[in-house]
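Below is one structure, written out as structure tokens, with a few remarks after it.
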Amino acid sequence: MPISLRALFALPLAVLLSIASISPSRADEVQEATQLLKQGHPTQALERINAFLAAHPKDAKGRFLKGLILAEQSKTAEAIKVFSALTEDYPELPEPYNNLAVLHAVQGQYDKAKTALEMAIRTHPSYAVAHENLGDIYAKMATQAYDRALQLDRGNAAAQTKLALIRELFSGTGKPAKPAAKLEASKVPMAAAPAAPLPPVVKPPPVAAPALPAAKPPVSSEDSASAAKSNAETGAVAQALENWAQAWSSNNVPAYLGHYAKDFAPPAGATRSAWEATRRQLVAKPRKISVAITDLKVTFPEPNKATASFVQDYRSGAMKSVISKTLVLVKTDGKWLIQREQVGKK
Amino acid sequence: MDRLFSAAVTFAAFCLSMAAWGMGESPRPAAVHAAAETPEAQLVNGLLDVVHNRLDSALGRIDRLLQSNPNFRLAHLVKGDILLARTRSIATLGGGSDAPTERLEGLREEAVARVRRFRQVVTGEKLPAYLLQLDAKQKYAVVVDAERSTLYVFENRQGTPRYLADYYISIGRNGVRKAAEGDRRTPLGVYQVVASLPKEKLADFYGDGAFPINYPNEWDRRHGRKGHGIWLHGTPSDTYSRPPMASDGCIVLSNQDLRNLTARLQVGSTPVVIAERVEWVDPASLRASRKDLLSAVESWRKDWESRDMGRYLGHYSAKFSGNGLDFKQWAKQKQQVNQAKRWIKIRIGEMGAFLYPGREQLAVVDFVQDYASSNLSQRGHKRQYWLKEGSRWKIVYEGAA
């Protein structure tokens with residue numbers, strides 16, 4: 001079977017279709033689905049091709065078209081399944097490998113994309129589209145590697161690739177792909193899929209701030225300047241916490257809630273609004289509250305992020321609790337806001 | 001894929017030119033290469049694969065290296081080059097990146113330093129000229145070659161050093177000869193580890209530990225050199241290694257290397273000699289300079305015991321200063337003290353003796369001194385700096401250690 005298939009694939013599409021007309025209905029149905037896709041009706045195209053595949057589950061051309069339709073619909077994972085199965089059933093065909101690679105790349109999985117393209121080229125060493133695509137994948141991976149090497153953050157700006165999906169099966173075996181058969185990924189809806197996440201930027205490492213008011217942790221003079229800077233930041237964090245405790249102690253709900261960042265993660269998976277409601281109630285409740293902070297230790301895991309551990313002495317009427325607490329704060333518009341609050345040490 | 005592979009040739013040429021850097025003389029024992037592949041060896045072997053146009057093998061190596069050391073930035077750079085070298089010509093390390101040159105500079109320097117380190121070939125049993133004698137309690141000694149970005153560890157074998165290990169390091173971004181606070185230079189001289197700061201007490205910036213050394217020492221202070229806080233320390237958790245000249249004066253090791261070194265650093269004892277470029281000598285030559293210096297010390301001891309003030313003071317340089325006294329004041333004080341004595345007995349032991357790196361013929365001697373006399377006895381740690389004036393060693397500094 002594979003041998004006769006390969007013989008067919010070597011022929012131009014028109015010839016192929018005429019040979020395939022031994023079973024005319026088969027060619028017609030795939031042709032119709034192709035037309036529907038070209039006319040911008042992927043849903044109908046998918047229905048048609050599914051109906052066809054129900055009767056001819058092994059048909060390579062039909063499955064290939066289904067993969068294309070799914071890709072067109074941005075159903076990348078499903079499209080990957082289709083092309084992946086095709087590469088298993090027809091390992092000698094380069095086109096499914098190529099498209100599989102393009103879809104992996106859309107998902108940011110460049111290693112997988114690279115492997116698939118290398119397979120496509122292994123089966124057909126002069127397969128131009130795969131070569132071009134592989135070049136793009138190498139470039140993409142190189143950019144990622146360079147970014148990690150140089151700690152650059154390009155955001156998603158550089159994540160554009162110009163990978164070509166093969167639009168027709170049997171298009172490029174042994175011959176360069178026709179320009180018409182090559183579509184840039186950016187022109188199909190798939191291109192809108194989320195770009196590959198780049199590794200997070202790592203800023204020059206901060207120097208830990210001296211604990212306040214406990215003994216200063218050692219800081220080499222090597223970094224006295226940044227140490228001084230982080231001293232100032234430690235002061236700012238300490239001040240923010242002081243204000244937070246003050247707002248809490250004076251039953252000032254807006255001021256209290258104002259100390260929490262937009263992306264504050266409420267404990268125990270509560271929603272933000274449920275948490276706020278509870279806090280409003282507890283903080284506003286007219287009674288004397290006193291909150292004192294002692295043994296504060298602040299570190300800066302990232303330049304605009306602080307971890308503050310301290311002992312919180314909370315008194316309200318007969319209620320008294322002394323607990324250790326750890327807050328994660330983020331600096332937002334020059335203000336230190338609470339992003340996470342947890343009881344106990346980090 | 002031949003057409004793609006051939007594009008690697010210019011990059012390979014660059015790697016070759018880099019590799020050629022390492023062909024010079026050097027003392028590193030060859031056996032080190034046979035050991036399990038260090039990250040550095042993996043990196044350099046990856047580059048050698050590129051040289052031999054084995055891009056697949058090169059990429060495999062670098063990928064494995066990055067799997068175990070995901071923060072090795074230089075390896076990421078090389079990976080980028082290997083990938084691009086398949087489709088276009090990469091003329092220099094990081095050549096495919098559009099990053100500004102100054103950002104690439106540090107990584108390129110690290111590549112050159114590491115290739116150079118790796119290609120060092122043993123040229124015999126040579127030893128650093130500085131480690132004249134180690135005290136029995138000094139189990140190890142550290143020698144830093146600033147130019148070669150290398151820290152060597154030696155083991156004390158009956159007072160004589162024996163090579164144990166070496167590590168890639170970073171030094172001050174402005175180089176060596178620290179003289180002022182904030183000059184971002186690494187001091188040159190003979191120092192000691194004076195403290196150990198565990199990871200828990202440190203900012204992430206310093207990595208898995210830090211070992212302050214006693215900069216500025218007596219000699220530095222005498223020359224008005226300022227600054228403090230020169231440490232041996234590790235790297236931040238997101239950084240495998242830093243470029244060769246990157247610190248503000250500290251000596252920075254990868255955390256893995258720092259952990260290996262930690263077991264061998266004795267607070268208050270381990271000598272750390274920092275040289276711009278280490279001078280390597282034959283063991284025989286090292287023995288000769290040890291004998292030369294130690295016989296001067298012995299002669300000083302005897303002359304002190306003899307209470308012959310002319311001979312005793314003849315060991316001191318006119319440039320002497322110590323305990324806040326210059327030579328004249330020192331001579332006067334010693335004359336007064338010694339005249340009152342009917343006898344003096346001096347015993348010295350636990351001696352470490354080090355030649356100072358640099359052009360000057362300077363040596364540092366540390367020992368325990370047992371002093372007994374007709375009217376006073378005491379025991380204490382002493383440090384002397386000896387300077388060779390003409391053909392004679394003379395004391396230029398003396399004080400408690």
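For the reader, a short list of remarks on this structure follows.
- The magnitude of the dipole of chain B, with charges of +1 and -1 set on the Cβ of Lys/Arg and Asp/Glu and taken from the Cα centre, is near 1440 debye.
- Each residue, residue A:282 and residue A:323, gets one label point 7 Å from its Cα in the Cβ direction; the gap between the two is 0.7 nm.
- DSSP beta bridge pairing in segment B:129-281, given as percent antiparallel to the nearest 5: 75
- If the chain linking residue B:318 and residue B:157 were pulled fully straight, counting 0.36 nm for each residue of separation and taking away their Cα-Cα distance, it would gain 54.3 nm.
- Residues listed by number, segment A:265-301, amide nitrogen under 12 Å from residue A:343 label point at 7 Å toward C-beta: A:268
- Within segment B:371-388: backbone nitrogen closer than 18 Å to the residue B:338 label point (7 Å, Cα to C-beta): B:371-378, B:383-387
- Förster-model FRET efficiency, 56 Å R0, residue A:270 and residue B:368, C-beta, rounded to 0.05: 0.25
- Range in chain B, longest, excluding exposed trypsin sites (Lys or Arg not before Pro) [loop by DSSP; at most 12 other beta-carbon atoms within 10 Å]: B:138-276
- The label-point distance for residue A:250 and residue B:375, in a model that sets each label 7 Å from Cα toward Cβ, rounds to 7.4 nm.
- Cut-off under 5 Å, modelled amide H: who pairs with residue B:183 long-range: none
- Residue-wise HN-Hα coupling along segment A:321-332, computed from phi with Karplus coefficients 6.51, -1.76, 1.60 (Hz; x: Gly, Pro): 9, 10, 9, 8, 9, 10, 10, 9, 10, 10, 8, 10
- Shown for chain B are the DSSP H helices of 30 Å or more along their axis, judged by Cα atoms, with a mean Kyte-Doolittle hydropathy of at least -1.0: B:283-306.
- Within chain B, DSSP assigns beta bridges of which about 85% are antiparallel (rounded to the nearest 5).
- Applying 1/(1 + (r/R0)^6) with R0 = 51 Å to the Cβ-Cβ distance of residue A:332 and residue B:326 gives a FRET efficiency near 0.25.
- A helix-only calculation puts chain B at -10000 deg cm²/dmol for mean residue ellipticity at 222 nm, using -39500 (n - 2.57) for each DSSP H run of at least four residues, averaged over all residues.
- The local environment of residue A:265, defined by Cβ-Cβ distances under 12 Å, has a net charge of +1 under the rule Lys, Arg +1 and Asp, Glu -1.
- Likely footprinting exposure, B:344, A:137, fewest C-beta neighbours within 10 Å first: B:344, A:137
- Computed FRET value (nearest 0.05) for residue B:302 with residue B:125, which takes r as the C-beta separation and R₀ as 30 Å: 0.35
- Gap separating the Cα centres of segment B:124-201 and segment A:46-122, nearest whole Å: 60
- Extending 7 Å from the Cα toward the beta-carbon at both residue B:222 and residue B:56 defines two label points whose distance is 6.5 nm.
- Surrounding net charge for residue B:375, when Lys and Arg each add one and Asp and Glu each subtract one, Cβ distance under 10 Å: +2
Bear in mind that the values in this text are calculations on the coordinates, not laboratory data. What you see is a predicted model, and the numbers here were worked out from it, not measured in a lab. In this analysis, Cβ positions are derived from the backbone assuming ideal geometry, glycine residues included, and neighbour counts consider all displayed protein chains.
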